[in-house]
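Input: a single structure, listed below in structure tokens.
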Amino acid sequence: RKEVEQDPGPFNVPEGATVAFNCTYSNSASQSFFWYRQDCRKEPKLLMSVYSSGNEDGRFTAQLNRASQYISLLIRDSKLSDSATYLCVVNQAGTALIFGKGTTLSVSS
Amino acid sequence: DTGVSQNPRHKITKRGQNVTFRCDPISEHNRLYWYRQTLGQGPEFLTYFQNEAQLEKSRLLSDRFSAERPKGSFSTLEIQRTEQGDSAMYLCASGAGFEDYGYTFGSGTRLTVV
């Protein structure tokens, strides 16, 4: 079983749509959680950290369910510029970040 | 110094040759990480340093791979006797050692082995 699993997509949505990505992780000792965004042929960039209480950054909402070992990212009012691959990332204390394969989003006009 | 710098950006080499990549992290970051990414996959962890000490190596890092971080500043990743399967994007990232803040990645070195 992969440590971090994501639906690879692609998700094709029109502008203005709401889209949700899900991710599960296998190691219950994981302590830190993130969503990274990666544009085509570019490096990954931190989108947001994910906290147990859930957190929001503008149109983006991240949630964590430790009991189910499940992380989600919700994007509201999708923009063309949101088209990218979204990487779910987990970390245990003292080790490196573990990345999922990523979910590809394509927003069209 | 506003980011993580990697050189070269692209490298094409013949199978069997040795290659070396360099990474200059954000100066105040004490942790440096190497990842490899192939098409359709997320970045896969290779190794990381805290200052000059190499603290962890992935099973992906075969004997042909070696990484160094002399004096805890820049790092090099060397691949000896390259194979076609080594073709990938090699990403370097640095962090301040506080996992809550994630890492900052460089633009990567794209290796093509022909």
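The values are calculated or read from the model by the stated rules, or taken from the named source; none is laboratory data. Note that this is a predicted model, so its numbers are computed, not measured. No Cβ is skipped: glycine too gets one built from the backbone with ideal geometry, and neighbour counts run over all protein chains shown.
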(message) Regarding the range A:64-82, can at least one residue be identified that is within 8 Å of another protein chain (Cβ to nearest Cβ), closer than 27 Å to residue B:107 by Cβ, without any contact (Cβ under 8 Å) to a residue 60 or more places away in the chain and of a type in the set (A, V, I, L, M)?
(response) no
(request) Only strands (runs of 3 or more DSSP E) wholly contained in the range B:1-99 count here; list those with 3 or more residues that are under 14 Å from the mean Cα position of the chain (by Cα), within 14 Å of chain A (Cβ to nearest Cβ) and farther than 21 Å from residue A:37 by Cα. (result) B:44-50, B:53-57
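To keep it simple, each residue is scored yes or no on (1) under 19 Å from residue A:80 (Cα atoms); (2) surrounded by 19 or more Cβ atoms within 10 Å (Cβ to Cβ); (3) under 14 Å from the mean Cα position of the chain (by Cα).
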| site | (1), (2), (3) |
| --- | --- |
| A:2 | no, no, no |
| A:5 | no, no, yes |
| A:13 | yes, no, no |
| A:28 | no, no, no |
| A:33 | no, yes, yes |
| A:42 | yes, no, no |
| A:47 | yes, yes, yes |
| A:55 | no, no, yes |
| A:58 | yes, no, no |
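Going by the structure shown, is residue B:40 buried (at least 17 other Cβ atoms within 10 Å of the Cβ), without any contact (Cβ under 8 Å) to a residue 12 or more places away in the chain and not hydrophobic (A, V, I, L, M, F, W, C)? Full working, then the answer.
Working: buried (at least 17 other Cβ atoms within 10 Å of the Cβ): no; without any contact (Cβ under 8 Å) to a residue 12 or more places away in the chain: yes; not hydrophobic (A, V, I, L, M, F, W, C): yes.
In short, no.
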(message) Among the numbered criteria (1) facing chain B (nearest Cβ under 9 Å); (2) under 18 Å from residue B:93 (Cα atoms); (3) not hydrophobic (A, V, I, L, M, F, W, C), which one does residue A:86 miss?
(response) (1)
(request) Tally the residues that are surrounded by 13 or more Cβ atoms within 10 Å (Cβ to Cβ) and over 21 Å from residue A:8 (Cβ atoms), restricting the search to the range A:67-81. (result) 1
(message) Condition first: outside any strand (DSSP E or B) and either among the hydrophobic types (A, V, I, L, M, F, W, C) or at pLDDT 95 or above (or both). Now tell me which residues in the range A:70-92 satisfy that.
(response) A:76, A:77, A:78, A:79, A:80, A:81, A:82, A:83
(request) Pull up the range A:93-109, narrow it to residues that are farther than 22 Å from residue A:78 by Cα and part of a strand (DSSP E or B), then point me to the one that is nearest to the other protein chains (Cβ to nearest Cβ). (result) A:99
